[in-house]
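Everything on this sheet refers to the single structure shown next.
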Amino acid sequence: MALAQSVRLFILMAVLPSLIAGSGAPVLDISAQPPAGPGLPLLAALVALAGLIGFGTARAGVPAGWMTGPFFMSAILSATGTVDIILPGWLTHAALIGLGCVVGTRFSDFGAQALARMFVVSLGAFFVGMTISVVMSALVWAVFGLPFGQVLLAFAPGGLEVMTLLAFLLNLDPAFVAAHQIARYVAMVLILPFLTSRFLGAARPPAGPGPAV
């Protein structure tokens with residue numbers, strides 16, 4: 001399962017940028033955003049608070065807790081006007097480099113033969129999930145007029161970290177993408193256990209040694 005998911009994410013990272021780049025989706029005008037210039041004490045306080053919240057959500061079992069917790073913290077602080085800043089480029093770039101390294105190291109335990117065996121199966125899973133995402137993205141684009149590429153990135157069956165990273169790289173709205181990916185994560189956590197137990201049956205405990213003679 002881990003290998004199939006990793007191959008699927010790799011295909012998404014290789015294919016999605018080309019699809020979105022040719023979709024005509026408008027990008028964010030980053031140059032028009034004025035620099036906020038937050039001081040180091042405020043940055044340090046935000047990083048410390050984000051670390052504490054990320055640790056708590058990760059320990060609580062929230063999907064991608066180290067990222068989900070700080071995401072909601074930042075969204076609440078920004079939406080309420082409590083903190084209204086733009087992170088400096090050196091901090092944003094460092095975070096993206098770390099995020100890219102974390103995503104890339106997930107492929108370190110997979111050899112070439114293992115990847116080749118699972119590639120066909122992963123292609124099938126990718127085709128099914130991506131087809132549904134493209135159809136729903138086209139529907140949302142036609143009804144609500146949202147940028148097709150941005151909606152496709154939000155609906156794509158990829159990991160939260162990968163899709164958010166692609167949103168940054170493609171100058172799309174990372175908050176829009178991350179919010180939809182988090183909603184998908186929460187729905188999977190709540191629904192998948194019920195569906196698997198309903199259709200596959202309860203998990204059987206591994207067979208242990210026989211009774212002592």
*Report yes if some residue within the range 38-58 is at pLDDT 70 or above, within 30 Å of Ala142 (Cβ to Cβ), in a helix (DSSP H, G or I) and not hydroxyl-bearing (Ser, Thr, Tyr); otherwise report no.*
no
*Selection from the range 86-118 of residues that are open to solvent by 50 Å² or more (accessible area, probe 1.4 Å) and within 30 Å of Leu43 (Cα to Cα)*: Ile86, Leu87, Trp90, His93, Ala94, Ala95, Ile97, Cys101, Val102, Thr105, Arg106
_Subset of the range 119-175 (residues that are of a type outside the set (Val, Ile, Thr), touching a Pro at 6+ places or on another chain (Cβ under 9 Å), modelled with pLDDT of 85 or more and open to solvent by 30 Å² or more (accessible area, probe 1.4 Å))_ = Trp141
*Show the residue pairs that are 6+ apart or on different chains and have beta-carbon atoms under 6 Å apart, the first residue being within the range 54-70 and of a type in the set (Phe, Trp, Tyr), the second being assigned to a helix (DSSP H, G or I) and open to solvent by less than 30 Å² (accessible area, probe 1.4 Å).*
Trp66/Gly54
*Could you please give the count of residues in the range 176-187 that are open to solvent by 60 Å² or more (accessible area, probe 1.4 Å) and either more than 16 Å from Thr57 (Cβ to Cβ) or in contact with a Lys or Arg (Cβ under 8 Å, 6 or more places away or on another chain) (or both)?*
2
_of a type outside the set (Lys, Arg), touching a residue at least 40 places away in the same chain (Cβ under 8 Å), open to solvent by less than 90 Å² (accessible area, probe 1.4 Å) and assigned to a helix (DSSP H, G or I): is that true of Leu77 in this structure?_
no
_Going by what's in this entry, would Leu28 be described as buried (at least 16 other Cβ atoms within 10 Å of the Cβ) and either within 15 Å of the chain's Cα centre (by Cα) or modelled with pLDDT under 75 (or both)?_
no
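The values are calculated or read from the model by the stated rules, or taken from the named source; none is laboratory data. Since the structure is predicted, the reported quantities are computational estimates derived from the model, not experimental observations. Cβ coordinates were reconstructed from backbone atoms using ideal geometry, including for glycine residues, and neighbour counts include every protein chain displayed. The area values use the complete protein model at the heavy-atom level, side chains included, leaving out ligands, DNA and RNA. Shrake-Rupley method; radii C 1.70, N 1.55, O 1.52, S 1.80 Å.
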